[in-house]
Amino acid sequence: MSKKLTGKIQTVLGPIEGEELGLTLPHEHLLLDLSVRFKLTDQSMTSRIMAQKKVSLEMAGWLRFHLFENVDNLMLDDEEMTIKEAALFKNAGGNSIVDVTNWGIGQDPRGLARIARATGLNIIMGTGYYTIDSGCTAELKARSEDEIFEEIVRDVNEGTDGIRPGIIGEIGADSWPLAAEEVKSLRASARAQRATGASINIHPGRLEESPLEILKILAKSGADLSRVVMSHQDRTAYSFESMVEQAKTGCYLEFDCFGMEGYYPRRYGVFDVPNDAGRVNYIIRLIDKGYPEQILISTDMAMKTKLVTYGGPGYAHIPDNVIPLMSAKGMSEDVINTITRENPKRMLTFVSA
Ligand SMILES: [Zn+2]
């Protein structure tokens, strides 16, 4: 089966040629249950009331600084709204969206196929396990490395109703120190990468050491690091030096939080998450170091507040706002094409297994 995929990209509506991919968002969510990330602000009744409110424009201001403190905000659960929102990307010249929603947060093959038909977008689906603390805790604990490997290979080759994933990920590995179950999932994913010819997308931990440790584990299990995407470069405490260390391994560095301009994660203390200008500055420095072919950009739409409906930047943020910013900062059309079209095409094209 995987032989047939070599040289092709697998969408939820079947394989396509690389030339059909076009402008691509390599790390998004269209239907998603991220409620596992919900956290009550404090024990007060006021916090409990805010936690349970339905997202509305009226509460968009509060949500801006309480992203994870409202359950509804962490759910992309309205297919009609997703179709309307994703169409904005298509109207802005976009062609393809990678939905890395996998096991534990609501992988939805039939739903994604419906959205692909309704919007005319190429949609590439993810597979494998999200983090140990998501909806797949019991499965990740129960399965052996071999079983996880077989599950992923079966999904890529057979799928659900013939709807097959085109990428392994986003594989959750954000515990620190890394939980044994997430290490098991990484090892199985590395082997599944070799067996299928697909790429792997990783959701790493939030400490500087995490991505390099993950890359070491993947390499030890035989992964091709030039087909590994290290997500969320821009939401953590990674220094530019550690980005360069990652780039030296050959992996892709994904800046997928574009549009997230007021985010203050505190799990390991307070870090300065860059805004879009800061993200582009990091990218320019990496290009100067010689890594233009390892950079990917996206908007990781994982919350209602990121949707245009609720005052967010929406799926069209890259073509509407980020590419013009890149041009204004002196990036050439050639380099922008490499990052937004050529790199996703190379990353998503199956290699011989
Ligand atoms: Zn992620």
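Read-outs throughout are calculated quantities, based only on the coordinates presented, and are distinct from any laboratory measurement. What you see is a predicted model, and the numbers here were worked out from it, not measured in a lab. With ideal geometry, Cβ positions are generated from the backbone for all residues, glycine too; neighbour counts draw on all protein chains shown.
Taking every pair of alpha-carbon atoms in region 299-353, give the share separated by more than 18 Å as a whole percent.
For region 299-353, the fraction of Cα-Cα distances above 18 Å is 50 percent.
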* Structure fact -> Semi-axes of region 91-139 from the Cα gyration tensor (sqrt of 5 times each eigenvalue, largest first, whole Å) come to 26, 11, 7
* region 17-101: chymotrypsin sites (Phe, Trp or Tyr not before Pro) falling in loop per DSSP and having at most 16 other Cβ within 10 Å -> Phe38, Phe65
* **Within the chain: Cβ-based charge dipole about Cα centre, in debye rounded to nearest 20 (Lys, Arg +1; Asp, Glu -1)** => 180
* Count the net charge of all other residues whose Cβ sits under 11 Å from the Cβ of Gly18, scoring Lys and Arg as +1 and Asp and Glu as -1. => 0
* Structure fact -> Which of Met230, Met301, Met81 fluctuates most in a GNM of the chain (C-alpha springs under 10 Å)? That residue is Met81
* Structure fact -> Going through Lys8/Lys90; Lys90/Lys220; Lys90/Lys184 one by one, the pairs whose alpha carbons sit over 29 Å apart turn out to be Lys90/Lys220; Lys90/Lys184
* Eligible aspartates and glutamates near Lys54 by straight Cα distance, threshold 14 Å, same-chain separation 8 or greater -> Glu69, Asp72, Asp77, Asp78
* **Anchor Lys53: lysines whose Cα lies under 20 Å away (excluding residues fewer than 8 positions away in-chain)** => Lys39, Lys304, Lys306
* Between Thr24, Thr249, Thr11, which gets the highest mean-square fluctuation from a Gaussian network model of the chain, Cα cutoff 10 Å? -> Thr249
* Springs between alpha-carbon atoms under 10 Å, Gaussian network over the chain: tell me which of Gln233, Gln52, Gln294 tops the mean-square fluctuations. => Gln52
* Reach of Lys289 by Cα under 18 Å, taken over lysines that are not fewer than 8 positions away in the same chain -> Lys248, Lys329
* **Relative contact order of the chain, defined on C-alpha pairs under 8 angstrom at six or more residues apart (%)** => 22
* To do: Using label points projected 7 Å from each Cα along Cα→Cβ, tell me how many nm separate Asp146 and Lys53, to one decimal.
  => 5.3
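Starting from the coordinates of the alpha-carbon atoms of the chain, obtain the Kirkwood hydrodynamic radius over all distinct pairs and give the value in Å to one decimal.
Every distinct Cα pair counted, the radius reaches 20.1 Å.
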